[in-house]
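Each remark here refers to the structure printed beneath this line.
The values are calculated or read from the model by the stated rules, or taken from the named source; none is laboratory data. None of these values were measured; they are calculated from a predicted model. Cβ sites come from the backbone with ideal geometry, for glycine too, and all protein chains shown count toward neighbours.
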Amino acid sequence: MSSIKALQDSIKIICLGIDYRRYAKFRLLTPAVVVPPNTGEAYVSRHRGAPTAREYQFCESFVIECAIHLQSFTFEVDHGDPVHLNLVYRNDEPVNK
């Protein structure tokens with residue numbers, strides 16, 4: 001991922017009101033989902049061993065807190081369509097969910 005994409009993703013997280021330091025820790029503790037360009041098949045890349053109980057508890061709490069926080073983040077623009085912020089990329093291109 002380019003430096004500009006990484007910066008854009010960081011700004012999106014901050015704009016959503018998510019604590020970036022906690023987000024960075026969550027990203028370090030969780031495996032990445034990888035989608036090779038030639039297959040399109042996603043797989044989970046595990047770069048470290050199983051999490052400790054404390055790491056698991058942190059990740060679980062982080063996901064729940066973010067889900068509760070983001071529930072109130074849907075908004076509409078003038079034309080009435082809901083706005084969705086895309087945080088998923090495949091080959092440095094946004095993936096619409």
Exercise. When residues of segment 12-26 are filtered for being at pLDDT 90 or above and loosely packed, with under 11 Cβ neighbours inside 10 Å, how many remain?
Worked result: 1
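This table checks each residue for (1) of a type in the set (Ser, Thr, Tyr); (2) under 13 Å from the mean Cα position of the chain (by Cα).
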site	(1), (2)
Gln8	no, yes
Ile13	no, yes
Thr30	yes, yes
Tyr43	yes, no
Ala50	no, no
Ala53	no, no
Ser61	yes, no
Ala67	no, yes
Leu70	no, yes
For this session: Pick out the one residue from His69, His79, His84 that is within 18 Å of Tyr23 (Cα to Cα) and modelled with pLDDT under 90.
Result: His69
Problem set entry | Residue under evaluation Gln8, criteria (1) out of contact with any helix residue (DSSP H, G or I) (no Cβ under 9 Å at 6 or more places or on another chain); (2) at pLDDT below 85; (3) of a type in the set (S, T, N, Q), criterion not met | (2)
For this session: Mind listing just one residue for me: the one in segment 1-48 that is outside any helix (DSSP H, G or I) and in contact (Cβ under 8 Å) with a residue 60 or more places away in the chain and, of those, nearest to Gln71 (Cα to Cα)?
Result: Leu16
Exercise. Just for segment 43-63: of the residues that are of a type in the set (Val, Ile, Thr) and more than 16 Å from Tyr23 (Cα to Cα), which one is modelled with the highest pLDDT?
Worked result: Thr52
